[in-house]
Amino acid sequence: MILNTSVRSRISLNGGWRFLVVPEGNTSPESACEADFDDSGWRTVNLPHDWAIEGPFDIKLDGATGKLPWRRQGWYRKTFTLPATDSGKRIFLDIDGAMANSTIYLNGKKAGGRPYGYMPFRTELTELLNFGGENVLAVHLNTAKWGSRWYPGAGIYRNVWLVKTHPVSIGRWGVHIQTPEISDREGTVTLDVTLENRSDEPVSVRVQSMVYEYGPDAQPGKVVGKSASCTLSIPPEGSKVAAQKVAVPSPKRWELTDPQRYLSVTEVFVQDRLVDTFLQPFGFRTLDFTANEGFRLNGQRVAVQGVCMHHDLGPLGTAFNTRAFERQMEIMKEMGVNALRTSHNPPAPEVLEICDRMGILVQVETFDCWRWSKTPNDYSAWFDEWHERDLGDIMRMARNHPSVFMWCLGNEVNELESPEGIEIVQRLKSIARRYDTSCPVTVGSNRPQASINGFQKHVDVFGFNYFPAYYDVFQRHEENRGRPFVGTETASCISSRGEYFFPVFDDFRGRPSGGYPGRSACGSDDVDEKISRGTGGDFQMSSYDVGAPGWAATPDYEFMMLDKNPAAHGEFVWTGFDYIGEPTPYNDDMTNLLNFSDPEKQAEMKAEMNRLGNVNVPSRSSYFGIVDLCGFRKDRFYMYQARWRPEWPMAHLLPHWNWPERVGKVTPVHLYTSGDEAELFVNGTSLGRKKKGEFEYRLRWNDVCYQPGELKAVAYKNGKKWAEDIVKTAGNAARLSMSADRVRIAADGYDLSFITVRVTDQDGTLVPRTHNTVKYTLEGPGEIVAVGNGNPNSHESFQSTERRVFNGLALVVVRSVKGRCGTVRIRAAAQGLECAAITLRSGMGVETSEKNEK
C-alpha cells in the first residue's frame, strides 16, 4: 500500500560534506562558518562520520577514552540548493547526534546547536535560506571542551536530514500514542497530536488518524481502525493538541517472540486540502512491575536478561551504521538477551527501531551525571541549563516505541546519598511524567545505602549497580515493601578472548583450582608468579571467567543472588560487547577511579594502579564484554547462553587444548552447559561424570593433567543425553579461512558484510595461539572500511588493509559502493600460510548464507 506522504519530505543530507579536523595546537578557522569560505582543500566525507577512530593510537593518551585523538575541534561544510518552489515551506535540519558542543551556521549566520553530543536535535533553517539558489551549511564541533569516562567518538556520527513541511504541520515527535485499554476483543489507541501554525493568520484544521497493520518489512498493510475527524483553530505562530481515538479489533500484542506492530497515519487538512501526513509505528503491550512477582509483559512474567552497551561499534567507531548495530543485536539474541540498557546516554533513533522489530526491551538512559561532575567538562557543566529540554526531547523521541519499557534518569550519579540527589530525582521524575506515564523511572545506583536512605522512594524501580548482596537487605527494609528492583548493572567480569592463565582461581578470595601452590595433582610444580587472580602477561585477562574488579563479581555470584532473590526483575550485564576505552584493570591514569564512589574501593583501585607502576600501559579497550570488540564470542557467552536459553541443547568446553609447555601439568577444564550434568573424556578416557549442585552454573574438572589430543564433554539433562562439545589439539598453522555473515549486500553505500578470518591447521581446526599478520585485497564495487582482531591492546589502525590475528581470529568489514552492483572479491594472505578468498555480491536485497572460496 502506498501512502500519500508528498506533503512532508525527509531527505538524507549524509553525502558529500567537506571536513576539517583542527590539529592540536592550531587555531580553529572561525571564518569557516562564512558562505564564501574556501574549503576546497578539505577532505570529502559522508556521514555518519567519526573522525577520531582513524587515530593514530597514542600510548601516552588516556586509556579510559581509548588512546585516540578525539579531543579536537572539527568543521563540516555542505553546499546544497533548494528549488524556488520550496518558498513558503518550513525547512528544518535534523541531526541525530553530533559529538559535541555543536554550533550550526547557514549562509554565515548562526542557526542553532546543542552541547550534549548524544542528543538528536532540530534547527529551523527557513528564515536563513536562499530559495532557488545555493546554500552553505557549516557545523562546528568542539570535543576539546567535552568530558567523558569512555570513548565518545567525535564528529557528526549519526544521520542528518533535511525536513520540509507546510507552515501548518505536526511538530517533531508530535504524535504521542498510548494504548490505555487492551483486551483480546479490542484495543484502544489514543493519539495526542501537536499541531503547529507558523503562519501569520489563524488557521482552522481538520485532523484524522488511521491505524494500519505494520509488517516486519516496515510496510503498511490493511487499515484496521480509524478515528473520527476533529476540527480546531490554531492561532498565528501558535500550537494546539488534537486528541484522537481509534478502536482496533483483536489487537496483536508486541511480544519478545512475536513483536507485532501497527502504524498510525495522521492527516492534517486545511480547507479540505491535505497539508501534512505523519507516520508513527507503535505496539500494543502492557507492563507490570511488581515487588514480589517480577516484571510482567502482557501479563506474563519475563526475566530481564539484559546487557549494557556503549554506543561505539568496535572497529567502526561511533559512526552509526544500521547493519552493524543489527548484527550486534543478532549476536546478543543468540546468547539469550531480551533487553538492552543504552548506557549511559540516549541511543540513535535506529537503535529503537531495530529493537522494536527484533523484540528486545530497551531501558533508555539519559545522563551519566547530574550537577556533580565525574570528569572536567562533562554534562554537569550543562545540567542546569539543558536537563529539562534534553530529557523532554529524549522521551518524546522514544516514548512511542513498544520496545522502550523503562527510563533510567542517571547512572551512578554522585548525588545519590545527598539531599540534593533527592531534590534532583524528584524534579527529573516530574519532567518525565509530563511526557510518559506508561514506563517506570529508575536510576542506576552504585551506592547500596541509597536503597534504604529514602532515595529509593523517588524512583519506580530501584536499580542496583552491583552489590547483589543487598538484594535481600533491600527487600527486608520496612520502607521497601511493595518496591520492585532490578540489577541495572551487574557482574563486570573481565576476560580476553582465548587467553588462559594458570593457576586458575575459583573465586576472589584466592583459592586456586588443582594443586597450586606447591605440588600439583599431576606430580609436578606449576607456579607462574607473574599471573595473579586472572591478570597476566601482555596486559590480558584470563578467559576462565573468574576475574573481576573489587566492586564487581563473577557471573556465577550474580546468578546465585538472583536465584536467591526471585523477586528481582533480572539484570543488565556490564557489558554485552567490549567497547573502546575503560580498560580496567589496566589503566595508565587515574580516570577509572571515578568508577568507584566508595572511598574504600577507590583505595583498592589506587593500590592496584600503584602495583602496576608508572608504565605506559597499552590497553585501549575494555575487557568487560561477553563478546569482544569484533563480535567474536568469548567463553562467557556460553555461560550466559546456558542460563538464558535453558531449552537450547548446548555445551561449551574451555580452555583450548594447545599447551605443549604444560604436558603433565594441571590444566583445569570448565564446561558451560544448559544440561544438568556431564561426563568429561580426555583422549577417550573418562574423567568422571559431574552434576551441577545448588547455585552451581559451570562444571569443573580441576585436576586434569594436560596431554595433547581430544577433550570431549557429553552433557545430560534429566538423565538423557543433551549436548556435547569437542576440543582438539590443533596442528601447525597451515592456512587461512574466511566466512561472511552475509554474502549479498545492498548497493546503497551503507550495507556491510562482516568477514571472519581464521588461522587453521591443514584439517581446518582453529590454531588458537596464532598472531600472524594478514593482508587484504579487494576487487569490485566494495571497500574495506575496518579491520580488527579483538585484542584490547592492539594499536594497529582500524582503517588498515592488514592486521594481525589475535588468538587465531581477525575481522574485515566490507561496505558496498552506492549505486554499483556486482561481484566483490576479498582475498586474505599471510606469510607461510595458504591464502583464502571470499566472494560477495553487491546488489538489491540481502542473503544470509555463507560462501567460501579457496
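So which residues in the stretch 347-384 are within 22 Å of VAL425 (Cα to Cα), in a loop (DSSP other than H, G, I, E, B) and within 21 Å of the chain's Cα centre (by Cα)? Hits for the stretch 347-384 are PRO347, THR366, PHE367, ASP368, CYS369, ASP378. Taking strands (runs of 3 or more DSSP E) as the structural unit, those lying wholly within the stretch 743-854 and holding at least 2 residues that are in contact (Cβ under 8 Å) with a residue 40 or more places away in the chain and not charged (D, E, K, R) correspond to 744-746, 752-760, 773-779, 782-788, 809-816, 822-829, 836-843. Within the stretch 668-714, being surrounded by fewer than 17 Cβ atoms within 10 Å (Cβ to Cβ) and among the β-branched types (Val, Ile, Thr) holds for one residue alone: THR685. Just one residue in the set ALA98, ALA138, ALA111 is within 17 Å of SER31 (Cα to Cα), touching a Gly at 6+ places or on another chain (Cβ under 9 Å), of a type in the set (Gly, Ala, Ser) and assigned by TED's automatic domain parsing to the domain that holds VAL160; that residue is ALA138.
Conditions tested, residue by residue: (1) at pLDDT 95 or above; (2) in contact with a Pro (Cβ under 6 Å, 6 or more places away or on another chain); (3) under 23 Å from ARG172 (Cβ atoms); (4) aliphatic (A, V, I, L, M).
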| residue | (1), (2), (3), (4) |
| --- | --- |
| TYR214 | yes, yes, yes, no |
| ASP217 | no, no, no, no |
| GLY225 | yes, no, no, no |
| CYS230 | yes, no, yes, no |
| ILE234 | yes, no, yes, yes |
| GLY238 | yes, no, yes, no |
| ALA242 | yes, no, yes, yes |
| VAL248 | yes, no, no, yes |
| ARG253 | yes, no, no, no |
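So is VAL364 in contact with a strand residue (DSSP E or B) (Cβ under 7 Å, 6 or more places away or on another chain) and either over 25 Å from ASP96 (Cα atoms) or surrounded by fewer than 23 Cβ atoms within 10 Å (Cβ to Cβ) (or both) or not? No: the conditions fail for VAL364. Regarding ALA52, is this residue at pLDDT 95 or above and under 12 Å from PHE19 (Cβ atoms)? Criteria not met by ALA52. Right, PHE295: buried (at least 20 other Cβ atoms within 10 Å of the Cβ) and not assigned by TED's automatic domain parsing to the domain that holds ARG483 or not? Taking the combined requirement at face value, the residue does not satisfy it.
Kindly indicate whether ASP200 is assigned to a strand (DSSP E or B) and without any contact (Cβ under 8 Å) to a residue 60 or more places away in the chain. Considered against the rule, which asks whether it is assigned to a strand (DSSP E or B) and without any contact (Cβ under 8 Å) to a residue 60 or more places away in the chain, ASP200 comes out as no. No other residue among ASP588, ASP598 is farther than 30 Å from MET332 by Cα, in contact with a Gly (Cβ under 8 Å, 6 or more places away or on another chain) and modelled with pLDDT under 95 apart from ASP588. Taking the stretch 92-135 as the range and being part of a strand (DSSP E or B), under 22 Å from GLU196 (Cα atoms) and of a type in the set (Asp, Glu) as the test, the residues that pass are ASP94, GLU124.
Of all residues being outside any loop (DSSP other than H, G, I, E, B) and of a type outside the set (S, T, N, Q) in the stretch 477-503, which is nearest to TYR544 (Cα to Cα)? Just the residue, please.
Here the residue is ALA491.
Could you identify the single residue in ALA243, ALA218, ALA303 that is surrounded by fewer than 17 Cβ atoms within 10 Å (Cβ to Cβ), aliphatic (A, V, I, L, M) and within 22 Å of MET329 (Cβ to Cβ)?
Residue meeting the stated conditions: ALA218.
Within the set ASP556, ASP563, ASP538, the sole residue that is surrounded by fewer than 17 Cβ atoms within 10 Å (Cβ to Cβ) and at pLDDT 95 or above turns out to be ASP563.
Here is a yes/no grid of residues against (1) more than 26 Å from the chain's Cα centre (by Cα); (2) surrounded by fewer than 18 Cβ atoms within 10 Å (Cβ to Cβ):
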{"residue": "ARG769", "(1), (2)": "yes, yes"}
{"residue": "GLN799", "(1), (2)": "no, yes"}
{"residue": "LEU809", "(1), (2)": "no, no"}
{"residue": "ARG825", "(1), (2)": "yes, yes"}
{"residue": "ALA829", "(1), (2)": "yes, yes"}
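I'm trying to understand the selection: among the residues of the stretch 824-854, which are farther than 16 Å from ARG758 by Cβ and either modelled with pLDDT under 95 or of a type outside the set (Ser, Thr, Tyr) (or both)? Those that are farther than 16 Å from ARG758 by Cβ and either modelled with pLDDT under 95 or of a type outside the set (Ser, Thr, Tyr) (or both): VAL824, ARG825, GLN831, LEU840, ARG841, GLY843, MET844, GLY845, VAL846, GLU847, THR848, SER849. Remark: pairs (first residue in the stretch 303-317, acidic (Asp, Glu); second residue assigned to a strand (DSSP E or B); Cβ separation under 6 Å; 6+ apart in sequence or on different chains) = ASP312/ILE580.
Out of the residues in the stretch 12-53 that are β-branched (Val, Ile, Thr) and surrounded by fewer than 20 Cβ atoms within 10 Å (Cβ to Cβ), which is farthest from the chain's Cα centre (by Cα)?
Looking only at the stretch 12-53, we keep the residues that are β-branched (Val, Ile, Thr), and these are 21-22, 27, 44-45, 53.
Retained after the next criterion (residues that are surrounded by fewer than 20 Cβ atoms within 10 Å (Cβ to Cβ)): 22, 27, 44-45.
Numbers: VAL22: 29, THR27: 35, THR44: 28, VAL45: 24 Å.
Filtering first and then ranking leaves THR27.
Once the stretch 25-68 is narrowed to residues that are touching a residue at least 60 places away in the same chain (Cβ under 8 Å), in contact with a helix residue (DSSP H, G or I) (Cβ under 9 Å, 6 or more places away or on another chain) and not in a helix (DSSP H, G or I), the residue that is farthest from THR584 (Cα to Cα) is PHE37.
When the residues of the stretch 125-155 are filtered to those that are in contact with a Lys or Arg (Cβ under 7 Å, 6 or more places away or on another chain) and within 27 Å of TYR379 (Cβ to Cβ), the one that is surrounded by the most Cβ atoms within 10 Å (Cβ to Cβ) is ALA154. Scanning the stretch 389-398 for residues that are more than 19 Å from the chain's Cα centre (by Cα) and surrounded by 15 or more Cβ atoms within 10 Å (Cβ to Cβ) yields ASP390, LEU391, GLY392, ASP393, ARG396.
Picking from residues in the stretch 306-346 that are of a type in the set (Lys, Arg) and either part of a loop (DSSP other than H, G, I, E, B) or in contact with a strand residue (DSSP E or B) (Cβ under 8 Å, 6 or more places away or on another chain) (or both), the one that is surrounded by the fewest Cβ atoms within 10 Å (Cβ to Cβ) is ARG327.
Checked against the criterion of being closer than 25 Å to ARG10 by Cα and of a type outside the set (Asp, Glu), the stretch 248-261 contains one or more residues that satisfy it.
The values are calculated or read from the model by the stated rules, or taken from the named source; none is laboratory data. Model, not experiment: these values are computed from the prediction. Counting neighbours? That spans all protein chains shown, and the Cβs are built from the backbone with ideal geometry, glycine included.
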